Amino acid sequence: MNKLTLYGTPDSPDIYPLRDFLQRSVVAYDWVDLNEAQQLPAGLAAGAQVPAIAFPGGQLVLNPTVEEVAQHLGWITKPSYQEYDVSIYGAGPAGLSAAVYAASEGLRTVLVEREAVGGQAGTSSLIENYMGFPEGIGGAELAERARQQALKFGVDILLLREGIKGSFYNHRIHVDLAGGAKLVARANICATGVEYAKLNLPNEGRFFNKGVYYGAGASEALFCSNKDVFIVGGGNSAGQAASYFAGFARRVYMVIRKGSLAATLSDYLVKRVTTIPNIEILYHSTVQELAGDQLLEGIKLLNSVDGTETWYPTSKLFICIGGKPNTDWAAETAIIRDPNGYLVTGNDLAGRPQFPECWPLPRPPYHLETSVPGSFAAGDVRLNSVKRVASAVGEGAMAVTLVHKYLAEVDKATS
């Protein structure tokens, strides 16, 4: 496939979602800054400020949405079947793994993802501690390989689709998708992961995609040349982002609440970010205010040890802090969540006051099974999961094994 061409202005809030989607989807594209363009395609007027995409076939789309881009690439599909053996929600490492194993083992499988394939792992510039890749692999590339593998085995992938309501009856999950479609499956796996938390500052929303970004934002690296970049967070995603941006930015600041990185960051990343000359760690620090007119221009940091407040000029703030599990859809179901929204599974359900009322079977739940028989959880969305790519991939595969056991159990009981 030939490259497409993306036209826009670097700081446009409309351009970042397009760049981010293309980057995470491993779609090669050429970037043309409208402020510097010498020649424009027919249909794009000189002085235009709206983003535009020229597709390889020559079609020019002005001010496209992410959904339109995905449609032009042929990535949004409709359900092929009225009923599936297993529906999987979330195309991060856990969901992709589950889809590959389920379809390869003969299950009629559908994978639903509301954003880009890869989840949070897909935003990582480089994953270095995943077995089998001694030189590391970009999160988006790893996810794209898994997507292609899932398609090879016949998985239906519904991209940029979201379940808005689910109900369980007749040994099936019935889901209403945004847009009006319905999805029915005999079993399901929730692998919806977590969303990055916000700083909850008064004017935070005003600067969304205008200097404030959630996640590692690898697609912005080229636009950070000679700039000071701030990354909030002390986990692996923040550490990888800092080391990646250091190759582009003048200086990268990591804003850390605690006085040490050791408890939250893998040792190899601690050694790296503390030795790269243009990375500075701001310990005991939190963001207190954001400032700017149309775009972000500066942030105020508070040092919790000495109480000092300092303003820093910057137009790039990336927020990579702990997130909230994406489980709002479960609110009206019998699926038990902990107070933070994580799905409770297996032995962790024992002792929960609601459990005896909603569990109808004489056997206890399987290890990754929720309080609804046949509904499983894998990856970061699950209570007490290990927040690592390898663990998520393993849980996705394990969930499929348990789906087989559940379906055999139902078939025997209803035959």
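The values are calculated or read from the model by the stated rules, or taken from the named source; none is laboratory data. Quick caveat: nothing in here was measured; it's all calculated off a predicted structure. FYI the Cβ positions are ideal-geometry reconstructions off the backbone, even for glycines, and counts take in every protein chain you see.
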(request) Quick one: Gln71 ticks every box in (1) out of contact with any strand residue (DSSP E or B) (no Cβ under 8 Å at 6 or more places or on another chain); (2) surrounded by fewer than 13 Cβ atoms within 10 Å (Cβ to Cβ) except a single one, so which number is it? (result) (2)
(request) Select from the range 58-91 the residues that are touching an Asp or Glu at 6+ places or on another chain (Cβ under 8 Å) and in a loop (DSSP other than H, G, I, E, B) and list them in ascending order. (result) Asn63, Thr77, Pro79, Ser80, Tyr81, Gly90, Ala91
(request) From the list Val255, Val287, pick out the single residue that is touching a Ser or Thr at 6+ places or on another chain (Cβ under 8 Å), of a type in the set (Val, Ile, Thr) and surrounded by 15 or more Cβ atoms within 10 Å (Cβ to Cβ). (result) Val255
(request) Of the conditions (1) closer than 26 Å to Asp20 by Cβ; (2) more than 24 Å from the chain's Cα centre (by Cα), Gly259 clears all except one; give me its number. (result) (1)
(message) Checking Arg272 against (1) of a type in the set (D, E, K, R); (2) under 26 Å from Tyr130 (Cβ atoms); (3) touching a residue at least 60 places away in the same chain (Cβ under 8 Å): exactly one of these is not met. Which one?
(response) (3)
(message) One residue is enough: does the range 305-314 have a residue meeting the conditions under 29 Å from Gly193 (Cβ atoms) and modelled with pLDDT of 95 or more?
(response) yes
(request) Sort out which residues of the range 364-386 are of a type in the set (A, V, I, L, M) and either in a helix (DSSP H, G or I) or on the phi > 0 side of the Ramachandran plot (or both), and write them in order of number. (result) Val381
(message) Return the residues of the range 273-303 that are modelled with pLDDT of 95 or more and of a type in the set (D, E, K, R); say none if nothing qualifies.
(response) Glu280, Glu289, Glu297, Lys300
(message) Going residue by residue through the range 365-374, is there one that turns out to be closer than 26 Å to Gly122 by Cβ, surrounded by 14 or more Cβ atoms within 10 Å (Cβ to Cβ) and in contact with a Lys or Arg (Cβ under 8 Å, 6 or more places away or on another chain)?
(response) yes
(message) Criterion first (touching a strand residue (DSSP E or B) at 6+ places or on another chain (Cβ under 7 Å) and basic (Lys, Arg)) does Lys3 satisfy it?
(response) yes
(message) Here is a check on your reading of the model: is Gly346 buried (at least 18 other Cβ atoms within 10 Å of the Cβ), in contact with a strand residue (DSSP E or B) (Cβ under 7 Å, 6 or more places away or on another chain), free of Cβ contacts under 8 Å to residues at least 24 places away in the same chain and on the phi > 0 side of the Ramachandran plot?
(response) yes
(request) With the checklist (1) among the hydrophobic types (A, V, I, L, M, F, W, C); (2) part of a helix (DSSP H, G or I); (3) modelled with pLDDT under 95; (4) surrounded by fewer than 17 Cβ atoms within 10 Å (Cβ to Cβ) in hand, flag the one item Ala408 doesn't pass. (result) (3)
(request) Name the strands (runs of 3 or more DSSP E) wholly inside the range 138-185 in which the number of residues that are touching a helix residue (DSSP H, G or I) at 6+ places or on another chain (Cβ under 9 Å) and closer than 19 Å to Gly122 by Cα is 2 or more. (result) 156-159
(request) Would you mind stating whether Val393 is in contact (Cβ under 8 Å) with a residue 60 or more places away in the chain, β-branched (Val, Ile, Thr) and assigned to a loop (DSSP other than H, G, I, E, B)? (result) no
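Residue-wise test of (1) closer than 21 Å to Leu407 by Cβ; (2) surrounded by fewer than 23 Cβ atoms within 10 Å (Cβ to Cβ); (3) assigned by TED's automatic domain parsing to the domain that holds Arg24.
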| residue | (1), (2), (3) |
| --- | --- |
| Ala94 | yes, no, no |
| Ala103 | yes, no, no |
| Val110 | yes, no, no |
| Glu115 | no, yes, no |
| Ala121 | no, no, no |
| Asn129 | no, yes, no |
| Gln148 | no, yes, no |
| Leu151 | no, yes, no |
| Leu158 | no, no, no |
